[in-house]
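Engineer: Below is a structure I'd like to ask you about.
Derivation of every value follows stated rules applied to the coordinates shown; laboratory data play no part. These numbers were taken from a predicted model, which means no experiment stands behind them. Ideal geometry is used to build each Cβ from the backbone, glycine not excepted, and the neighbour counts take in all protein chains shown.
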Amino acid sequence: MRPTIQFLYLTTLISNVVAIGQPISLAFTASTGGLRLGGNGSAPTIVIDSKDWPGVTRAGNDLANDFGLVTGTKARATTSTTGLSNVPVIIAGTVGKSPIIDNLIASKKLDASAIKGKWESFTSQLVSNPAEGISTALVLAGSDKRGTIYAIYDISEQIGVSPWYWWADVPPKKKTDIYALPTVKTQGSPSIKYRGIFLNDEQPALTGWVKANYGKYDSRFHAKVFELLLRLRANYFWPAMWDAKFHVDDAKNGPLADEMGIVMGTSHTEPMARADKEKVKPWDWKSNQSGLKKYMQDGATRGKDWETVWTLGMRGDGDTASPTLDAKSLVDVINYQQSILKTTLETTDLSKVPQMWCVYKEVGGYYQAGMKIPDDVTILWTDDNSGNIQRLPIPSEVNREGKAGIYYHFDYVGSPRNYKWINTIQLSKTWEQMHLAWQRNATEIWVVNVGDLKPLELPISHFLDMAYDMSSFTSPASTDPWLALWATREFGSSVATGTAEAMATYGKLIIRRKYELLNRTPFMLSTTNYDEAENVLGEWAALQNKAQTLHDSLDTATQVAFFEMVLHPIIAGRVVQQVYINAARNSAYAAQKRMSTNTLADDVKAAYAQDGVIQKRYHGLLNGKWNHMMDQLHFGYDNWQDPSRNSMPSVKTIGTTAPSTGLMGVSVQNSAASAPGDAAPTLAGMDPYTSENRTIDIYARGSGSTDFSISSSASYINLTPSSGTVSYPSGTSDVRALIAVDWAAAPSDLSTASITITPKSGTAVKLSLPLNNFAVPAGFRGYVESNGAVAIEMQHYTFRKSGSGGAQLEVIPNYGRTDSGLTLLPVSAATQSTATGPKIVYTFFSTTASSSGKVSVYLPPSFNVAPSTPLKYAIAIDNGTPTIVTPVPSATLGAMPTGWEDSVVNGARVVSTNIGKVDAGKHELSLWLLEPGTVVQRIVVDLGGVKSSYLGPPESGRVGL
């Protein structure tokens with residue numbers, strides 16, 4: 001069953017049962033052979049043997065509480081099966097640790113053969129006569145500690161308790177009846193062995209919240225985090241490091257992690273399970289080797305009895321490069337670290353001791369220079385801190401004993417800008433990168449930097465669900481169905497589809513440029529060209545309206561969770577966009593002497609003030625439960641570091657004296673001119689396939705009021721409105737007139753009409769409107785060029801051809817800045833050729849001939865993850881020889897390729913190729929992706945008419961697609 005179909009099947013099947021992407025074992029109506037576990041006024045007894053792991057008992061008590069949240073009656077937890085003849089029973093335990101479970105296996109009442117000896121696996125099944133007096137019980141058996149814990153929390157999730165019930169205030173879904181189904185559920189080992197998060201860049205928001213609620217990062221705080229991780233089926237944790245020392249801040253922290261089943265680690269700059277704030281001075285292997293050796297030995301001694309993934313190597317102090325380390329001395333460091341692990345852990349075989357070496361920043365240069373890392377150490381490859389993986393295992397590294405993993409980012413402090421306020425993650429992009437990592441055998445560790453945790457509930461869930469069971473995410477279309485399941489679990493099925501659509505749209509809007517990177521620059525050119533600035537703001541407004549409607553349809557309790565995870569990032573994000581976009585429009589309008597310049601100045605000030613209102617609303621939720629979250633500064637960045645305070649961009653106001661030509665001004669799309677005064681601009685041409693609205697802006701350029709009328713030289717041109725009034729300061733200062741053409745009545749081929757805007761007093765403005773009334777050939781399917789440009793979105797292809805060996809070009813829905821992406825699958829495919837590789841064709845019809853056409857391909861800011869086989873694509877027009885393009889320049893590992901910063905800032909790398917002469921008529925643009933990992937998100941064919949803008953021209957008109 002394909003994963004997308006599987007997700008949709010589950011969505012239909014489970015109704016209110018949502019264990020995302022996992023098989024179901026419960027129902028809420030009676031079924032043949034099922035066991036009623038509870039309902040209104042009743043709940044089961046949960047039996048966990050006293051000899052089992054304490055963390056299992058703890059999870060069992062959580063499940064007992066969860067039954068109370070769902071049914072109104074808390075379940076009872078006990079260690080014995082006696083006296084339970086008249087109550088529903090759940091028995092949970094670990095194979096080899098629980099005598100109750102082992103006895104059921106020995107008596108052949110329970111079959112655990114499918115999980116025995118496996119990592120973090122479990123089975124759940126109804127068992128007849130499991131103990132004297134119990135006719136049937138639901139038995140949850142884990143292969144190890146976490147296997148049992150996941151089995152227990154799986155029941156919690158299915159009955160209606162979200163993993164985010166506390167951290168995002170998702171209300172439990174009430175149930176009147178809960179039945180265990182007569183099915184055997186077996187959950188195998190997770191796709192990724194160690195899966196977790198890194199709390200980092202945690203000031204001011206998370207640290208302020210922790211200090212207000214706990215005083216410090218103590219065991220009470222970590223108990224909440226660890227429970228969340230286990231409910232999300234994670235097992236690995238890097239603790240906060242800016243102003244925290246995990247083991248020192250609270251002596252209970254380490255034992256608590258081990259008890260609950262969390263494997264502890266530390267970041268790339270914190271070796272041997274010690275915190276950055278514990279570092280000895282000077283932090284220099286060359287001058288203070290004895291001090292560093294004691295520091296590292298003490299870390300090994302402290303953590304020797306707890307599950308730990310040991311961070312090896314070292315970097316400079318303060319998350320920087322060391323001025324004295326080189327590849328040779330770093331090998332000495334690692335050799336010493338391994339020697340103390342052998343002696344402290346009393347082993348000669350470190351292959352069974354989890355160790356990782358993170359290839360972060362300058363460390364990559366050591367590796368590329370030939371540094372040899374012990375084979376039993378996991379190489380933790382990294383992204384560029386902005387979600388683009390830099391390197392993955394190559395064939396010679398795939399069979400390393402220590403294997404490989406990924407350190408990824410949803411949050412970052414550093415170049416080109418910090419981003420740590422609210423969610424700026426596109427889930428389809430995360431899927432594309434982590435699917436690539438999974439297929440390239442980086443499967444030992446996945447850890448993601450999540451900053452303050454709280455703003456990133458959605459991408460955390462997505463990331464950890466993939467890490468747990470990537471088999472449900474093999475399709476590029478898996479993200480949207482997953483979103484619908486996530487929304488069903490958190491908010492209910494009534495808003496699931498709408499919420500999934502909203503958050504998919506949000507992902508496209510935010511990947512264009514992160515909030516901290518916003519200023520007026522992206523939209524200065526596009527305040528005129530393609531109406532881009534206004535259109536972007538309109539997209540945000542439409543998204544906010546959609547989200548607000550969904551929010552308002554929910555009950556009061558669910559509205560809180562919806563606000564935290566969906567509505568808040570949308571309305572808070574929209575405000576930031578509004579401030580910067582309208583500041584850009586304010587500047588552009590001032591040059592045109594529009595009186596709406598002053599209105600926009602007021603709008604920017606009001607929107608900037610609204611930002612504080614939204615933050616206050618967030619802080620006031622649930623009597624201040626989340627006060628200090630979202631404290632992060634997010635306005636006024638001019639370099640990578642946080643500004644000293646939020647600051648509004650400057651705005652202009654203009655005087656109210658009208659020019660001598662009169663009060664009325666006129667402007668049109670794709671021109672900054674303001675007539676009369678400037679030469680009257682020519683309107684952009686129209687044809688029957690033009691995808692954009694064609695408009696005229698009539699506005700006041702001073703204080704006063706004037707009526708105007710709009711007329712055309714041609715009866716087949718309709719203008720709405722055909723008359724009106726512009727007035728300032730009272731009344732309407734700007735009127736937008738829409739142009740429509742009756743093509744059935746218009747002359748064929750090329751013609752020009754005139755449109756005259758005549759004020760009651762003042763100078764009239766006469767505009768020219770080029771028209772091209774043509775029809776594409778019968779049966780044509782494809783795009784139609786307009787004004788010298790063809791803008792193509794990847795999902796709207798004419799046809800595609802498979803390659804040899806099963807290689808395919810697949811669409812990634814809701815990927816990139818505008819619509820969709822295209823990638824080569826499977827990722828395991830060999831390098832392709834234009835002769836035998838898969839090809840996709842985009843047909844377009846052009847009325848414009850060009851002697852020097854150009855094709856611009858929009859790609860994500862990806863890296864050549866396999867240096868010897870860099871990303872590669874080819875393009876061709878019609879039967880022309882394909883042009884092969886290697887879009888990403890080679891770079892030293894740890895360094896950034898040419899153009900990296902611009903591509904990360906803009907959310908796209910744009911590569912242009914000259915295609916020479918293009919005649920008028922029908923054409924086929926062929927695209928080949930020649931290397932797995934290559935993704936394209938948009939194509940623009942420039943036949944001489946493409947204008948400067950941020951996103952490129954809007955998608956061209958389509959026929960038959």
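Engineer: Compute the normalised compactness of the range 151-289: alpha-carbon radius of gyration over 2.2 N^0.38 Å, N being the residue count. Mind showing how you got there, number by number?
Structural biologist: Values: Rg = 18.6 Å, N = 139, 2.2 N^0.38 = 14.3 Å.
For the range 151-289, the normalised Cα radius of gyration comes out at 1.29.
Engineer: Another question, if that's okay. Given axes a ≥ b ≥ c from the Cα gyration tensor, I'd like to know whether the range 512-623 is rounded (a/c under 1.5), prolate (a/b larger than b/c) or oblate. List each step's numbers first, then the result.
Structural biologist: On the way: a/c = 2.48, a/b = 2.07, b/c = 1.20.
Prolate shape, in that a/c is at least 1.5 and a/b is the bigger ratio.
Engineer: Take the alpha carbon atoms of the range 807-826, find their center, do the same for the range 479-550, and report the distance between the two centers in whole angstrom.
Structural biologist: 19
Engineer: Right, something else. Quick check on the exposure proxy: order T934, T479, T657 from fewest to most C-beta atoms within 10 angstrom.
Structural biologist: Values: T934 25, T479 28, T657 11.
Arranged by neighbour count, lowest to highest, T934, T479, T657 become T657, T934, T479.
Engineer: Right, next: Once the other residues with Cβ under 14 Å from the Cβ of R302 are scored (Lys, Arg +1; Asp, Glu -1), what is the net sum? Walk me through the intermediate numbers first.
Structural biologist: Numbers: positive: K245, K252, R274, K294, K304; negative: D249, D250, D258, E270, E278, D298, D305, E307.
Here the charged neighbours net out to -3.
Engineer: Taking trypsin sites (Lys or Arg not before Pro) as exposed when DSSP calls them loop (any state but H, G, I, E, B) and at most 10 other Cβ atoms lie within 10 Å, what is the longest stretch of the chain free of them, the sites themselves excluded? Spell out each step's value before the answer.
Structural biologist: Values: sites that count: K108, K372, R645.
The answer is 646-961.
Engineer: Give me, ordered by chain and number, the residues 5 or more places off E120 or on other chains with an amide H under 5 Å from its own placed amide H.
Structural biologist: D144, G147
Engineer: For a quick check: with amide H placed at 1.01 Å from N, whose amide H comes under 5 Å from T934's, ignoring anything fewer than 5 positions away on the same chain?
Structural biologist: L824, K872
Engineer: Can you pull out the chymotrypsin sites (Phe, Trp or Tyr not before Pro) in the range 355-403 whose DSSP state is coil and whose Cβ has at most 13 other Cβ atoms within 10 Å? The partial results should precede the final answer.
Structural biologist: Working: sites: W357, Y360, Y366, Y367, W381; in loops: Y360.
Sites meeting the loop and neighbour criteria: none at all.
Engineer: To the nearest 10 degrees, how steeply does helix 54-71 sit against the main Cα axis of the chain, on a 0 to 90 scale?
Structural biologist: Roughly 60 degrees, rounded to the nearest 10.
Engineer: Residues with beta-carbon under 15 Å from that of D902, excluding D902: net charge, scoring Lys, Arg +1 and Asp, Glu -1?
Structural biologist: On the way: positive: R417, R512, R513, K514, R817, R909; negative: D384, E901.
Result for the local shell: +4.
Engineer: Could you estimate the translational diffusion coefficient of the range 782-959 from the Stokes-Einstein equation, with Rh from the Kirkwood formula over C-alpha pairs, at 4 °C and 1.567 mPa s, in whole µm²/s? It would help to have the intermediate numbers written out before the result.
Structural biologist: Working: Rh = 16.4 Å.
For these conditions, the coefficient is 79 µm²/s.
Engineer: Using a 10 Å cut-off around each Cβ, can you sort T898, T695, T443 from fewest to most neighbouring Cβ atoms?
Structural biologist: Details: T898 11, T695 15, T443 21.
Final ranking by Cβ density, sparse to dense: T898, T695, T443.
Engineer: If you find the alpha carbon centre of the range 335-403 and of the range 622-639, how far apart are they in angstrom?
Structural biologist: Using only Cα atoms, the two centres lie 37 Å from each other.
Engineer: Sticking with this one: Would you please give the residues with an amide H less than 5 Å from that of G38, counting only those at least 5 places away or on a separate chain, with H modeled from the backbone geometry?
Structural biologist: I178
Engineer: Let me check against my output: what whole-number percent is the relative contact order of the chain, with C-alpha pairs under 8 Å and at least 6 apart?
Structural biologist: Numbers: 2175 pairs, mean separation 93.5, N = 961.
Result for the chain is 10 percent.
Engineer: Where does the chain land at 222 nm, in deg cm²/dmol rounded to the nearest 500, when only DSSP H runs of n ≥ 4 count, each adding -39500 (n - 2.57), divided by all residues? The partial results should precede the final answer.
Structural biologist: Working: 21 runs with 266 residues, N = 961.
Computed ellipticity for the chain at 222 nm equals -8500 deg cm²/dmol.
Engineer: Would you mind ranking D465, D552 by Cβ crowding within 10 Å, fewest neighbours first? Intermediate results must be reported in sequence, preceding the final value.
Structural biologist: Details: D465 22, D552 10.
So the ranking, lowest neighbour count to highest, is D552, D465.
Engineer: On to the next question. Among the DSSP beta bridges whose two residues both lie in the chain, what percent are antiparallel, rounded to the nearest 5? The partial results should precede the final answer.
Structural biologist: Working: 105 of 145 bridges.
Around 70 percent antiparallel, to the nearest 5.
Engineer: When only Cα pairs under 8 Å and 6 or more residues apart are kept, what is the percent relative contact order across the range 504-653?
Structural biologist: On the way: 154 pairs, mean separation 36.3, N = 150.
Relative contact order here is 24 percent.
Engineer: May I ask you to evaluate 6.51 cos²θ - 1.76 cosθ + 1.60, the Karplus curve with θ = phi - 60°, for each residue of the range 922-928 and list the ³J(HN,Hα) values in order in whole Hz, giving x for glycine and proline?
Structural biologist: Taking θ as phi minus 60°, the curve returns 7, 9, 10, 9, 9, 10, 10 Hz for the range 922-928.
Engineer: Another one. Past the 20 angstrom mark, what percentage of all C-alpha to C-alpha distances in the range 39-171 do you count?
Structural biologist: Here the long-distance tail beyond 20 Å is 41 percent of all Cα pairs in the range 39-171.
Engineer: Please give me the summed charge of the neighbours of W486: other residues whose Cβ is under 15 Å from its Cβ, Lys and Arg +1, Asp and Glu -1.
Structural biologist: Charge balance near W486 sits at -4.
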